[in-house]
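Here, each number is a calculation from the coordinates, and none is a lab measurement. Given the structure is predicted, the values throughout are model-derived calculations rather than measurements. We place every Cβ from the backbone using ideal geometry, glycine too, and count neighbours over all the protein chains shown.
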Amino acid sequence: MKRAEVINHCAEVKRRSLARVMSKQGICSRQEAVRWIESGRVRVNGKVAQSPEMLVALNAKIEVVGIQTPLPKKTLRYVVMNKRKGVVTTHKDEHGRATVYDDLRPFLIRQNITERLFAVGRLDKDTEGLLLFTNDNELANFLTAPENGVPKTYLATLNKSLTTSALEQLQSGVEIKARGEHYVAQPHDIVQQSARVIQLTLSEGKNREVRRLFEAIGYTVEHLVRIGFAGLRLNLLCNPPELNSQPLASGACMECQPEALLRGLG
């Protein structure tokens, strides 16, 4: 699938709150959007916006008094990190913990990348592996929308051996109840690499889904690595691990192309 096809698909079928779309288009933060909308500074397709929560298409024409829109054409960047354990996926942590941006920032400086990049989705503090950063809102929307079924592959090490009956439960789907959510997680391409090491792929990417689906069948995940995201695959058999035949050690970053991300999708 080509990036242009992704953009057209997302723009035509996605509708989100105006404040969120303004953030996605790179106009401002959601908080700024709310203030500007409530002060009457924002027009959508020529009409004054009435509410930050009004639903608009991702490619809606948005005008803001005193701001140049649409924004000038920007250089699109794609950076992949092999996230290390112990860092959180946020710009600034209120508890003072290390963040993925502490590892990203030196790489951006070395590569002279000045664009502001955001994480596409997130990995929890104790999960390692592939994490994408970009300023390409359209592609990020495509990769994170559940209905697009973009695959995320994980390698999970459990606290005890997986039984045959537990493996069958995984294969048939696992009911999860957490934080008011009630759904069935349906992993696929399940490979039992050893008694305690399981590889599996998910297409929705809900919060802590891998850990929760194993908890639901009586297991604890002791070590979790995301080894696949969209068209990318991290090879853990190499030391250091490799992405596209290039070394990508824990905490390290590299640039990639959108064609690599979209390989095999659509």
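Among residues other than Gly26 whose Cβ falls under 9 Å from its Cβ, what is the net charge (Lys/Arg +1, Asp/Glu -1)? Write down the numbers at each step before the final one.
Numbers: positive: Lys24, Lys74, Arg116; negative: none.
So the environment of Gly26 carries a net charge of +3.
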Going toward the positive end of the dipole of the chain, with +1 on Lys and Arg Cβ and -1 on Asp and Glu Cβ, which of Gln257, Leu162, Val64 do you reach last? Val64
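I need the calculated FRET efficiency for the pair Ser203 and Asp93, taking r as the beta carbon distance and R₀ as 30 Å, to the nearest 0.05.
Numbers: r = 29 Å, r/R0 = 0.97.
The pair Ser203/Asp93 has a calculated efficiency of 0.55.
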Give me the Å³ per residue figure for the convex hull around the C-alpha atoms of the range 121-212. 117 Å³
Peptides ranked, highest mean first, by Cβ atoms within 10 Å: ranges 206-216, 161-171: 206-216, 161-171
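Quick one: net charge of Glu128's neighbours, Cβ under 14 Å, K/R +1, D/E -1?
On the way: positive: Lys83, Arg84, Lys85, Arg122, Lys125, Lys152, Arg211, Arg226; negative: Asp103, Asp124, Asp126, Glu222.
Its environment carries a net charge of +4.
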Convex hull volume of the chain per residue (C-alpha atoms, cubic angstrom): 150 Å³
Jot down the radius of gyration and Dmax of the range 188-255, Cα atoms only, both in angstrom. 13.4, 39
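Taking the Cβ of Leu158 as the center, what net charge do the other residues with Cβ under 11 Å away carry, scoring Lys and Arg +1 and Asp and Glu -1? Please list the in-between numbers first.
Details: positive: Lys160, Arg196, Arg211; negative: Glu215, Glu222.
Local charge sum for Leu158: +1.
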Defining a contact as two alpha carbons under 8 Å apart and six or more residues distant in sequence, what relative contact order in percent does the chain show? 20 percent
